[in-house]
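Here the structure is laid out as structure tokens; the discussion comes afterwards.
The values are calculated or read from the model by the stated rules, or taken from the named source; none is laboratory data. Source: prediction; values computed, not measured. Here the Cβ is made from the backbone with ideal geometry for all residues, glycine too, and neighbour counts use every protein chain on show.
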Amino acid sequence: MTSTFVRACAVALVLVAGATGCGPGAGAEAGSGPRPEVTDTDRALLRHAEQVLVERCMRAKGFSYRAGPRPTPDESLTVGYLLTDAAWARRNGYGSRISAKVLAARKTNPNLLYVDGLSPERRKAYRTALDGGAGARTLSVEAPGGGTIGRRLGGCEETAQKRLYGDPAAWFRAAKTATNLTRLYVSELSRDPEFTAAQAAWAACMREAGHPYATPADARSTLPASGPEDKIFAAEVRLATAEAECAASSGFARTGRALERRYVDGLRGAYGDELDVYARLEHEALTRARSLT
């Protein structure tokens, strides 16, 4: 699970989990009206669809590859700085059991086991088929705030991205720009008087609920690390549920979303083109993904 706040703005943010929507007209071309929200479940579908396409491509090249099951809506939700979905919290706490399930699945990943059983020559051919191997092209983009993000792209992974996004290079540039804007404003946002006042109201709500913590991070740091698993999970659920309920009743979630929209909008002069391309390609890919899966 990843950290997000305003998911539909195509930025990897850190404050509110599972929030969607960026206000009227977000991510839309001029005159076309606002696009629908892109949810955590939608993005999980995109990741799954890409794996399905990789599986089909690899099998066509004579290799075994398994996409795995599509994540459930509960497995798709992100948990960031502030958890806001109380119903999800009642079922999952902060998602520890979901994370444990993911880790367990990685240890028995059939694709890794398959590769381990190949000869060195066949293993090299597998890698070339999957991602282009040593001859694959390298994509790179200057990250907001400095530094370069790069990745190698080729083989079936490139084929899958072409099917979903049309232009993998344009998608990579837009996505890595849009999802790395947080560092440009999160420090200032966290000191914003509106934010600190909203967080204080949340903390007051938590105290009334029997959880005297100043921030969500402070609260989570108190979770027990050892003991009977059922008791640990029950404590996690109680704390997570209180956090999410107070996020709503105190106005912290609402204020956080509004502030983040404001700070992201302040960056549109420099990064608006990338945000718009990201939103357009993502929505187009969702249409394709739904037809695939």
Look at T138 and say whether it is over 18 Å from the mean Cα position of the chain (by Cα), not small (G, A, S) and not in a helix (DSSP H, G or I).
yes
Counting only residues in segment 52-70 that are buried (at least 19 other Cβ atoms within 10 Å of the Cβ) and not aliphatic (A, V, I, L, M), the one nearest to T255 (Cα to Cα) is identified as E55
- For segment 281-291, indicate whether the set of residues that are at pLDDT below 95, more than 20 Å from the chain's Cα centre (by Cα) and exposed (fewer than 15 other Cβ atoms within 10 Å of the Cβ) is non-empty. yes
Just one listed residue, out of R262, R220, is at negative phi, free of Cβ contacts under 8 Å to residues at least 40 places away in the same chain and not aromatic (F, W, Y), and it is R262
Residue set T196, T241, T177; condition loosely packed, with under 13 Cβ neighbours inside 10 Å, of a type in the set (S, T, N, Q) and in a helix (DSSP H, G or I); output residue T196
Just one listed residue, out of A175, A219, is more than 24 Å from R43 (Cα to Cα) and in contact with an Asp or Glu (Cβ under 9 Å, 6 or more places away or on another chain), and it is A219
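Residue by residue, here is whether (1) crowded, with 20+ Cβ neighbours inside 10 Å; (2) farther than 30 Å from A169 by Cα holds:
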{"site": "P216", "(1), (2)": "yes, yes"}
{"site": "S226", "(1), (2)": "no, yes"}
{"site": "D230", "(1), (2)": "no, yes"}
{"site": "S249", "(1), (2)": "no, yes"}
{"site": "F252", "(1), (2)": "yes, yes"}
{"site": "E260", "(1), (2)": "yes, no"}
{"site": "R268", "(1), (2)": "no, no"}
{"site": "G272", "(1), (2)": "no, no"}
{"site": "A279", "(1), (2)": "yes, no"}
Exactly one of A235, A204 is at pLDDT 95 or above and farther than 18 Å from R91 by Cα, and that residue is A204
Residue hits (segment 115-151; surrounded by 12 or more Cβ atoms within 10 Å (Cβ to Cβ) and of a type in the set (D, E)) are D131, E142
Scanning segment 86-112 residue by residue, those closer than 20 Å to S250 by Cα and hydrophobic (A, V, I, L, M, F, W, C) turn out to be A86, A87, W88, A89
Original post:
Being closer than 30 Å to G154 by Cα, buried (at least 21 other Cβ atoms within 10 Å of the Cβ) and modelled with pLDDT under 95, is that true of even one residue in segment 78-97?
Top reply: yes
Picking from A200, A214, A204, A244, the residue that is within 23 Å of the chain's Cα centre (by Cα) and among the hydrophobic types (A, V, I, L, M, F, W, C) would be A244
Taking segment 52-100 and keeping residues free of Cβ contacts under 8 Å to residues at least 24 places away in the same chain, part of a helix (DSSP H, G or I) and under 18 Å from the mean Cα position of the chain (by Cα) leaves A100
inquiry  = Yes or no: segment 104-114 includes at least one residue that is within 21 Å of the chain's Cα centre (by Cα), surrounded by 19 or more Cβ atoms within 10 Å (Cβ to Cβ), assigned to a helix (DSSP H, G or I) and among the charged types (D, E, K, R).
reply    = no
How many residues of segment 198-239 are of a type in the set (D, E, K, R) and more than 16 Å from S96 (Cα to Cα)? The answer is 3
Note on segment 157-208: residues touching a residue at least 12 places away in the same chain (Cβ under 8 Å) and among the basic types (K, R) are R163, R173, K176, R183
